[in-house]
Amino acid sequence: VEKPGEWQDLPEGFADAVGMVQSCAGDDQSNFESTCVHLHPEWIEASDNMQLCRWPIKTGLSKPVLVRRDAIKHVASLGMTKWSETESWVHFRNKSGCVLSCRRWTEEYPDMGDFLEVTGESAKLPKSLGKACEIAEQFTKENAEGLMVRVLLKPGKLRIIGLGINGEYSEWKGATYSGPPVDFLILPKILSELVTRHNECTVSSERIKVNGGSFTWVACLHKPQSSEDSGQAEGE
């Protein structure tokens with residue numbers, strides 16, 4: 001590991017940005033970029049190809065680099081206040097002198113600008129949806145196609161459905177929404193994080209977007225593979 005050079009103050013909000021963005025990186029080691037946080041001179045972002053979060057901030061970096069999520073995620077918890085950039089590493093230091101060095105990678109990161117553009121209807125989802133997601137997820141754990149829950153969003157309300165081989169969980173919630181009905185699948189963890197951080201969003205047929213002021217967060221929506229229970233889903 002190269003020795004750090006001159007230490008500089010971390011930009012205000014850097015730790016908050018990393019703490020938010022790193023949660024959107026993935027664990028698929030066959031897709032290297034998705035396991036990293038992209039540090040750009042103008043923003044910080046990460047994506048697991050299902051969700052993307054970008055936080056605009058002047059990082060002070062000379063050029064874009066990638067760092068492993070599992071390394072840089074400790075910046076917030078360790079209270080880092082300084083940083084130093086060397087040829088192959090990005091170093092961070094806190095007030096007690098603890099140094100965290102993250103290997104910098106120069107692989108090309110895909111341009112995510114177009115993915116952040118979402119045109120749709122405004123919605124305000126209930127904060128209590130997070131608890132419903134936890135329950136619904138229990139019914140999807142044994143599904144071969146994954147842990148996705150189904151959501152039917154209609155004017156004034158939504159229904160969350162967790163369907164598994166051993167049973168089904170379904171619950172209606174109130175929602176501030178006046179657009180056309182939207183029926184989609186989404187990972188419960190993503191939906192729970194959405195309503196916890198910022199429950200006002202924009203919904204289209206393919207994506208859901210949150211503009212949290214300091215950050216922009218977008219997630220893919222998946223269509224149900226069959227419509228066998230569509231009548232049941234639409235009923236009350």
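Only the coordinates and a few stated rules stand behind these numbers; no lab work does. What you are looking at is a predicted structure, and each value in this text was computed from that prediction instead of being measured. We place every Cβ from the backbone using ideal geometry, glycine too, and count neighbours over all the protein chains shown.
If the cut-off is 15 Å between C-alpha atoms, which aspartates and glutamates fall inside it for Lys124, apart from same-chain ones fewer than 8 positions away?
Partners found: Glu193, Glu200.
What does the helix-only formula give at 222 nm for the chain: each DSSP H stretch with n ≥ 4 adding -39500 (n - 2.57), the total divided by the residues, and the result rounded to the nearest 500 deg cm²/dmol?
Per the formula, -4500 deg cm²/dmol.
Which value, in debye to the nearest 20, describes the size of the charge dipole of the chain about its Cα centre when Lys and Arg Cβ atoms bear +1, Asp and Glu Cβ atoms bear -1, and nothing else is charged?
Dipole of the chain, to the nearest 20 debye: 780 debye.
Which of Gln29, Gln138, Gln51 ends up with the largest GNM mean-square fluctuation for the chain, with Cα atoms connected below 10 Å?
Between Gln29, Gln138, Gln51, it is Gln29 that shows the largest mean-square fluctuation.
Mean-square fluctuation check for the chain, GNM, Cα pairs under 10 Å: which of Glu168, Glu85, Glu45 is largest?
Residue with maximal mean-square fluctuation among Glu168, Glu85, Glu45: Glu168.
Between Gly79, Gly26, Gly167, which gets the highest mean-square fluctuation from a Gaussian network model of the chain, Cα cutoff 10 Å?
Highest fluctuation among the options: Gly167.
Amide H of Leu221: which non-local residues (sequence gap of 5 or more, or other chain) have their own amide H closer than 5 Å, using H built in the peptide plane?
Here the answer is Arg207, Ile208, since their amide H atoms fall under 5 Å of that of Leu221.
Provide the net charge surrounding Ile57, with neighbours chosen by a C-beta distance below 12 Å and charges set as Lys +1, Arg +1, Asp -1, Glu -1.
Once all neighbours under 12 Å are counted, the net charge is -2.
Among all stretches of the chain without exposed trypsin sites (Lys or Arg not before Pro) (DSSP loop, at most 15 other Cβ atoms within 10 Å), which one is longest?
142-236
Helix 129-138 sits at what angle to the longest principal axis of the chain, using alpha carbons and giving 0 to 90 degrees rounded to 10?
80 degrees
For the charge dipole of the chain, defined by +1 on Lys and Arg C-beta atoms and -1 on Asp and Glu C-beta atoms about the Cα centroid, which residue among Ile161, Leu78, Gln51 has the Cα displaced farthest towards the positive pole?
In the chain, that residue is Leu78.
Of Lys82/Lys189; Lys131/Lys209; Lys3/Lys63, which pairs sit farther than 25 Å apart, going by alpha carbon to alpha carbon?
Among Lys82/Lys189; Lys131/Lys209; Lys3/Lys63, the Cα-Cα distance tops 25 Å for Lys82/Lys189.
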